[in-house]
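In what follows, a structure is listed as structure tokens, so that the remarks can point back to it.
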Amino acid sequence: MRVAVTGGRGFIGSHVVDHLLSAGHEVAVADVSDRWRNRAAENYGADLFDAAALDQLNKDIVADVQESGVAAPSTTRIKGRLAIRVNITNHRTQRGDLDVLVDAVLNAGQMR
């Protein structure tokens with residue numbers, strides 16, 4: 001499956017990207033940051049996307065993940081763009097927790 005990950009160079013996003021790649025998915029990353037860049041993924045600056053379309057996509061993803069009950073995401077604006085915040089990590093978080101989140105997002109994408 002081909003998957004786009006916005007914020008894929010952040011702490012959580014980079015782990016999501018690693019997980020998707022290790023599961024055999026093709027991954028495209030859109031992020032303004034240059035940290036934690038996985039060279040196996042296609043990496044794009046977020047400015048290459050239509051900001052309004054990306055904002056709407058993020059709103060849809062937040063609704064799908066919220067409805068799934070896996071995480072309670074919220075949104076924020078960074079440099080005028082809508083960004084998703086999902087904090088399921090703490091000192092008790094294990095890789096399996098991230099697997100559950102990734103699987104829920106993939107399932108939501110397949111239902112669209």
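We did not get these values from a lab; they are worked out from the coordinates using the rules stated. Keep in mind it's a predicted model, so treat the numbers as computed, not measured. Ideal geometry is used to build each Cβ from the backbone, glycine not excepted, and the neighbour counts take in all protein chains shown.
Provide the FRET efficiency to the nearest 0.05 for the Ala51-Arg92 pair, computing r from the beta carbons and using R0 = 30 Å.
Working: r = 36 Å, r/R0 = 1.21.
The computed FRET efficiency comes out at 0.25.
Could you rank the peptides 5-16, 23-34, 92-103 by their average count of other C-beta atoms within 10 Å per residue, with the highest value first?
Numbers: 5-16: 20.4, 23-34: 16.2, 92-103: 13.3.
Ranking, from highest mean packing down: 5-16, 23-34, 92-103.
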Run the simple label-point estimate for Glu26 and Ile78 please: 7 Å along Cα→C-beta, distance reported in nm. 2.6
